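Structure record follows, encoded as structure tokens.
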Amino acid sequence: MMTNTTFFIETYGCQMNKSRSEHIAQVMIQNGYQLIEDKKRADILLFNTCAVREHASEKAISNIQKTIKDLNKTSRYPIIVIFGCLSQFLKNRLVQRVPGAQIVIGTSNIDHIPQFIEEHTRKKKKILDFNLPSSSQVFDESGYLRNSSHISAYLPITYGCDNFCSYCVVPYTTGPQRSKPLRTILTDIEKIIQDGYKEIILLGQNVNSYGLDFDLKNGFEVLLQAIEQNFHNSSFWIRFLTSHPKDMRPSIVDIVKNSSIMAHYFHLPIQSGSDRILSAMNRGYTRDHYLKLAKYIRQNLPDSGIGTDMIVGFPGETERDFLDTLNIVQEVHFDQAYTYIYSSRSGTAAYQLPDHLPLAEKKKRLQFLNQTLSDIHQIKLSNWVGKKTKILIDQIEGMNSSGRTTDNQRIYLPNTNFILGQVISVVVIKTLKGKLYGELVLS
Ligand code: SAM
Ligand code: SF4
């Protein structure tokens with residue numbers, strides 16, 4: 001057991017990574033290490049990395065290199081630990097590019113980081129571990145310790161991915177899907193509520209396939225119903241992401257509709273509006289299937305938000321394919337969207353495909369797509385004016401407070417007489433520079 005040895009964690013990438021960092025912080029603290037927020041003073045620096053897109057991965061590597069260089073200049077030599085998807089993806093190539101790192105491990109044995117640190121300290125040798133988790137490895141991590149606002153807690157329900165979308169490294173860096181046992185999830189939720197959190201975000205690369213790895217049919221419905229049965233009297237919101245259109249089902253929408261604790265928001269990445277490209281991406285659904293899902297959500301839960309992810313410039317994407325994407329954006333009227341230029345990743349199926357479209361054209365398409373989304377967003381914002389809704393206060397900064405609706409819309413309030421975690425009724429009074437402003441409603 002180490003005492004007074006401090007550590008700092010820097011996290012790159014998705015919510016799943018943030019949650020894993022919280023889990024590792026917990027494991028480190030349980031082993032006697034002390035978490036601090038100042039990386040210049042830490043004895044151990046942990047970097048949790050992401051490999052999804054090349055540009056972001058390269059930026060992370062240069063940040064890590066620079067951090068080490070700057071610290072060494074001031075005669076500080078902390079133990080450097082790099083873990084996560086990028087280590088798993090690059091393995092020894094990352095070790096070569098960051099020679100100052102003493103421990104480089106992939107996504108599998110992260111719970112052993114304290115033991116790796118002790119081994120490194122004892123033997124003064126580099127520790128490398130790139131074993132991939134197998135489908136029999138039980139996924140049983142909990143997180144949420146580091147969320148300083150104490151409002152939202154991430155709760156991973158699956159880890160890994162079996163979908164092998166042709167552009168994506170995640171199945172190669174995280175291994176097959178492993179679902180967390182239902183009983184563990186319910187116990188985690190109970191603990192999270194006791195700890196005072198007001199929102200729980202269930203996480204997985206494809207939450208709709210929860211339980212498939214232990215042959216549980218419609219396992220996500222089973223899980224949501226168990227949560228509803230056990231916690232419907234508690235005052236908190238449940239969200240989940242990511243929903244995969246190929247596995248999303250009307251029965252999931254129905255459960256959300258009939259629940260008093262489930263947020264009316266679906267993050268349902270479409271990636272492209274062209275059937276040809278969706279097939280080349282190995283997404284497992286058609287444009288028509290997606291439209292039917294979106295229609296079902298809009299008809300049954302008219303106040304629900306639909307969020308999405310989109311990739312432009314996938315190999316072979318023609319002007320026609322791109323127009324199909326623009327067209328579906330107009331049809332679905334997304335409430336939130338994350339858009340990316342395709343990034344070619346070695347080892348994926350799409351890496352082999354000829355990619356002739358110049359980068360300038362891909363950037364032009366991205367800009368056009370973002371403008372279309374932004375125009376829709378403006379219309380959506382103005383439709384909010386005059387509406388009454390509930391928000392969960394999760395930010396108080398200076399003279400402004402803000403909170404999110406269950407469909408994930410942020411509303412700002414011009415005073416600070418609120419308490420973090422409070423749910424209040426507001427009326428939206430105006431939109432300004434892409435933001436919504438509201439007033440408290442006393443009723
Ligand atoms: N599991 C989720 C799903 O199926 O939608 C998404 C997980 S992925 C880490 C997040 C987003 O990154 C994807 O939805 C996709 O839009 C984007 N992405 C993944 N690989 C990419 C690549 N090679 N180039 C560009 N964007 C990519
Ligand atoms: Fe990647 Fe597809 Fe799995 Fe999402 S579902 S993580 S995009 S392979």
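The values are calculated or read from the model by the stated rules, or taken from the named source; none is laboratory data. Keep in mind that this is a model prediction, so the values were computed, not measured. Ideal geometry is used to build each Cβ from the backbone, glycine not excepted, and the neighbour counts take in all protein chains shown.
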Exercise. So which residues in the range 65-89 are of a type in the set (A, V, I, L, M) and in contact with a Ser or Thr (Cβ under 8 Å, 6 or more places away or on another chain)?
Worked result: 79, 82, 86
For this session: Name, by its number, the condition in (1) assigned to a loop (DSSP other than H, G, I, E, B); (2) under 19 Å from residue 239 (Cβ atoms); (3) in contact with an Asp or Glu (Cβ under 9 Å, 6 or more places away or on another chain) that does not hold for residue 154.
Result: (1)
Exercise. Can residue 96 be described as within 20 Å of residue 129 (Cβ to Cβ), out of contact with any Leu (no Cβ under 7 Å at 6 or more places or on another chain) and surrounded by fewer than 20 Cβ atoms within 10 Å (Cβ to Cβ)?
Worked result: yes
Seminar exercise, completed: Checked 215, 254 against criteria (farther than 30 Å from residue 368 by Cα and without any contact (Cβ under 8 Å) to a residue 12 or more places away in the chain); the one match is 215
Exercise. Considering the range 335-351 alone, what residues qualify as being in a loop (DSSP other than H, G, I, E, B), near ligand 1 (Cβ under 8 Å from one of its atoms) and touching a Phe, Trp or Tyr at 6+ places or on another chain (Cβ under 7 Å)?
Worked result: 342, 344, 345, 348
For this session: Give the residue, chosen from 104, 169, 98, that is of a type in the set (A, V, I, L, M), within 16 Å of ligand 2 (Cβ to nearest atom) and modelled with pLDDT of 95 or more.
Result: 169
Seminar exercise, completed: Here the residues within the range 313-330 that are more than 13 Å from residue 280 (Cα to Cα), under 24 Å from the mean Cα position of the chain (by Cα) and not polar (S, T, N, Q) are 328, 329
For this session: Answer with yes or no whether residue 93 is within 16 Å of ligand 2 (Cβ to nearest atom) and not in a loop (DSSP other than H, G, I, E, B).
Result: no
For this session: Answer yes or no: is there a residue in the range 368-390 that is surrounded by fewer than 17 Cβ atoms within 10 Å (Cβ to Cβ), touching a strand residue (DSSP E or B) at 6+ places or on another chain (Cβ under 6 Å) and assigned to a strand (DSSP E or B).
Result: yes
For this session: Return the residue satisfying two criteria in turn: it lies in the range 251-275 and is assigned to a helix (DSSP H, G or I) and within 23 Å of the chain's Cα centre (by Cα), and of such residues it is surrounded by the fewest Cβ atoms within 10 Å (Cβ to Cβ).
Result: 255
Exercise. Can you name every residue in the range 406-443 that is assigned to a loop (DSSP other than H, G, I, E, B) and in contact (Cβ under 8 Å) with a residue 40 or more places away in the chain?
Worked result: 406, 407, 408, 409, 420, 421, 434, 441
